[in-house]
Structures are given as structure tokens and as C-alpha cells.
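The values are calculated or read from the model by the stated rules, or taken from the named source; none is laboratory data. Computed from a predicted model, the values in this text were never measured in an experiment. Cβ coordinates were reconstructed from backbone atoms using ideal geometry, including for glycine residues, and neighbour counts include every protein chain displayed. Surface areas here come from the heavy atoms of the whole protein model, side chains and all, with no ligands, DNA or RNA. Shrake-Rupley method; radii C 1.70, N 1.55, O 1.52, S 1.80 Å.
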Amino acid sequence: MTISPTARRLRELRQAAGVSIREMAFEIGMEKGKYEHYEARYKKPYLPADLASSVARVLAARGVPREDVMALSGPVEDVPPADELRLSARYSELSPRRQRMLRELLEELEAAEQAALRPQEEERDSSR
């Protein structure tokens, strides 16, 4: 039976930490047979994120980097912070005129910031 590279790597990480299947299942609150499935018969390319997080907690306490386990749950999508989502929603509700005004204001702020940084950069370059 062919298992996924994810299942194989999960087993390798657990063994490297010196944790038995029974102990891992107990630590994450899962039946032994169900956990064993993820190491012996799992065929999907990625682990469920909640499982990876639970396993990472157990293995991190035994020296396995959390990132190594979390990588098994697949790529993490970049989700903008909530405040950025709120700003985006508010911006989209503005009239086209106000959107233009806001863009112009931001451009002015960026230009002023760049102008303020130039003397510092020139001073730093001249002191070298």
C-alpha cells in the first residue's frame, strides 16, 4: 500500500522525538487507530491543520521544530489582518471622488516621508 510523503514524514518526525504511536494518540486526544491511520494509510498531500497543530505541540516539547510539523499541513494562505479588511471595505464604500482624494492624500504622505528620509540617508552616506 502506498502512503503519502506526508504520512511518511509524520512518522519520521514522531520517531525522531522518541514518541510512540500510543503516546502521541493519547497526547493529542485521539484514538490510537485513528492516529495510526495518518502514519500508515493516509494518502492526501496535506494533514488537516488542527491535527498538525496538535502534533506540533507535542513534538515541539521534545525538540522537533514546530515549523517542520506545520509544513505537513500545506501552504498557509496569506490572509490580510482584520483591520486591513475593514479598511478595504470602507474604501470600497467611498464615492469615486473620495477614493481619488484618499489616494492623493496617501501619495502626499508617502512623498513627505521620502523627503524626510533623504537627509538622513545623505548624512549616513557622507559619514562613510
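The listed peptides 54-64, 25-35, ordered by packing as a protection proxy, come out as 54-64, 25-35 (highest mean of other Cβ atoms within 10 Å first). Dipole of the chain computed with +1 at Lys/Arg Cβ and -1 at Asp/Glu Cβ about the Cα centre; of Ala111, Ala71, Met30, farthest Cα towards the positive end is Met30.
Counting only protein heavy atoms and using a 1.4 Å probe, what share of the accessible area of the chain belongs to carbon plus sulfur, as a whole percent? Show your work: numbers first, answer last.
Numbers: 4910 of 9520 Å².
Carbon plus sulfur share of accessible area: 52 percent.
Protein heavy-atom accessible surface, 1.4 Å probe, per residue over the chain: 74 Å². For the chain, the dipole from Cβ point charges (+1 on Lys and Arg, -1 on Asp and Glu) about the Cα centre works out to 920 debye, to the nearest 20.
Could you tell me whether the chain comes out rounded, prolate or oblate from its Cα gyration tensor? Rule is a ≥ b ≥ c as square roots of the eigenvalues, rounded for a/c under 1.5, then prolate if a/b exceeds b/c, otherwise oblate. Here the chain falls in the prolate category.
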